[in-house]
Structures are given as structure tokens and as C-alpha cells.
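One structure is given here, and the rest of the page talks about it.
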Amino acid sequence: MVFFFATAGIMFQDITTLLLDPKAFKDTIDLFVERYKGKNISVVAGIEARGFIFGPPIALAIGAKFVPLRKPKKLPGKVISQEYILEYGRDCLEMHVGAVEPGERALVVDDLIATGGTLCAAMDLLERVGAEVVECACVIELPELKGRERLNGKPLYVLVEYVEI
Ligand SMILES: O=P(O)(O)OC[C@H]1O[C@H](OP(=O)(O)OP(=O)(O)O)[C@H](O)[C@@H]1O
Ligand SMILES: Nc1ncnc2[nH]cnc12
């Protein structure tokens, strides 16, 4: 399911091979939908770029809106921003002001958690506007990078834990 290639000394875990197999892709989405349907989640926040692959089908299936958390200067409207550090540098996520209302229950979706910096930034954006983050969901976790420990106790659900052997 996972294909690897190196970029600047990092073994990159790539999910595009999963997308080539419609049954595996559908099974992946269905596992998330089973877990989150009926949980009163009104927002699925997907992280650019690969959270945009998994987030929208989950949102549609559970009857939630989809809110894209984008890299800087991509969203056309007024945004709030959150910078973060990841395995190979710094980055920033932005969210449209008004896309999420105070009190909404949100699920954060991405393809992978490594150091956890990206998910922390996503949760910060949602919590800054008064949303409750119910859980973070990823296809892959790299447990050796201990990202889960950075999530301040927020639940994280993953389908695959990848450990290098
Ligand atoms: O847990 P972390 O250490 O924060 O890393 C995880 C993030 O890294 C990857 O995206 P990347 O930042 O490479 O950006 P891209 O989706 O634009 O390729 C991945 O898709 C996650 O979003
Ligand atoms: N090793 C890795 N593979 C894929 N995405 C990542 N983001 C941070 N580290 C990564």
C-alpha cells in the first residue's frame, strides 16, 4: 500500500499507490466513515495536500462540511494562519475566517503523522475559532517520530503504523 522514495535524506511515505487500487481506497474511506458516522461531527478539516484526498469523501459520507486547511496564500478570503515545524523545515497552514463556527465538532484528516507539527497547527486553527476537535485521523503513523506525544492528549486514530526495520 505504501511506496517509499528518498527526498533530502528523508524516507518519504507516499500514499499514491493506495489510490490506484479502488477497493483498497474505498476500504480506507469506509473504515474512517464507520468510526465517525453518528458522532455529531459537523466539520471535516482536511490538511493540504493529501488531507484533500481522504477528507472530502469522509465528509460527504458522514454529512459534514469540508474545510480545507491550506498552505499560505492559497485561500482567497480572509484567513487565520498558524506556523509550524516539521521533519524537513517550517511551514504554515491557513483557514478561512467564518468557515468554522464556535462550538462546532471537528475531525482533522491527513494522510500521515510524522512529528505531529502539522496536526498541532491544524488543531490550533480550529480551537482558535472555538471549535472542538473530536479526533485527528490519518492513514499512516510514523511512531518513531513520536508525533502522537505532541497532540496534548487529543485522540489520534490511524490505520497503519509504519516502523522501519
Ligand atoms: O507530522 P508532521 O511532521 O507535521 O508531518 C506530516 C505532514 O507532512 C506531509 O506533508 P508535507 O508537509 O510534506 O506537505 P505536502 O502535503 O504539501 O506535500 C504529510 O502529508 C503531513 O501533512
Ligand atoms: N517521512 C515522511 N513521509 C511522508 N510525509 C512526511 N511528513 C513528514 N515526514 C514525512
Quick one: what are the phi-derived ³J(HN,Hα) couplings along the stretch 144-161, Karplus 6.51/-1.76/1.60 with θ = phi - 60°, whole Hz, x for glycine and proline? 5, 8, 6, x, 4, 5, 8, 8, 6, x, 5, x, 10, 10, 10, 8, 9, 9
Partners for Lys23 among lysines (Cα-Cα distance below 23 Å; same-chain residues under 8 apart left out): Lys37
What list of ³J(HN,Hα) couplings, whole Hz, do you get for the stretch 66-82 from phi and the Karplus terms 6.51, -1.76, 1.60, once you set θ to phi - 60° and write x for glycine and proline? 10, 10, x, 9, 10, 5, x, 6, 9, 7, x, x, 5, 10, 10, 10, 9
Once amide H atoms are built 1.01 Å from N in the peptide plane, which residues 5 or more positions from Leu86, or in another chain, come under 5 Å H to H? Asp91
About the Cα centre of the stretch 42-108, what is the dipole size in debye to 20, counting +1 per Lys and Arg Cβ and -1 per Asp and Glu Cβ, all else neutral? 180 debye
Taking a probe of 1.4 Å and leaving out DNA, RNA and ligands, the chain shows per residue an accessible area in Å² of 51 Å²
Which of Tyr36, Tyr157 is most accessible, then next, and so on - probe 1.4 Å: Tyr157, Tyr36
Step through the residues of the stretch 127-142 one at a time and calculate ³J(HN,Hα) from phi using the Karplus curve (6.51 cos²θ - 1.76 cosθ + 1.60, θ = phi - 60°), rounding each to whole Hz and writing x for Gly and Pro. 6, 4, 9, x, 7, 9, 7, 6, 6, 10, 10, 9, 6, 10, 10, 9
What number, in percent, do you get for the relative contact order of the chain if the mean sequence gap of Cα pairs under 8 Å and at least 6 apart is divided by its residue count? 17 percent
Using amide H atoms built 1.01 Å from N in the peptide plane, name the residues 5+ places from Leu112, or on other chains, whose amide H lies under 5 Å from its own. Val139, Ile140
The stretch 103-165 - percent of accessible surface contributed by carbon and sulfur, probe 1.4 Å: 47 percent
Given charges at beta-carbon only (K, R positive; D, E negative), |dipole| of the chain in Debye: 500 debye
Based only on the alpha carbon positions, what is the Kirkwood hydrodynamic radius of the stretch 1-156, in angstrom? 15.8 Å
Only residues of the stretch 21-52 count here: report those whose backbone N is under 18 Å from the spot 7 Å along Cα→Cβ of Glu132, or say none. 36-45
Note the full-extension length gain between Asp124 and Glu87 as 0.36 nm times their separation in residues minus their Cα-Cα distance, in nm to one decimal. 11.4 nm
Using +1 at the Cβ of each Lys and Arg and -1 at the Cβ of each Asp and Glu in the chain, identify which of Phe12, Ala99, Leu31 lies farthest towards the dipole's positive end. Ala99
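The values are calculated or read from the model by the stated rules, or taken from the named source; none is laboratory data. Note that the coordinates shown come from a computational prediction; the quantities given were computed from them, not determined experimentally. Virtual Cβ from ideal backbone geometry, glycine too; neighbours counted across all protein chains shown. The protein model used for the area step is the full one, side chains on, heavy atoms only, and it has no ligands, DNA or RNA in it. Shrake-Rupley method; radii C 1.70, N 1.55, O 1.52, S 1.80 Å.
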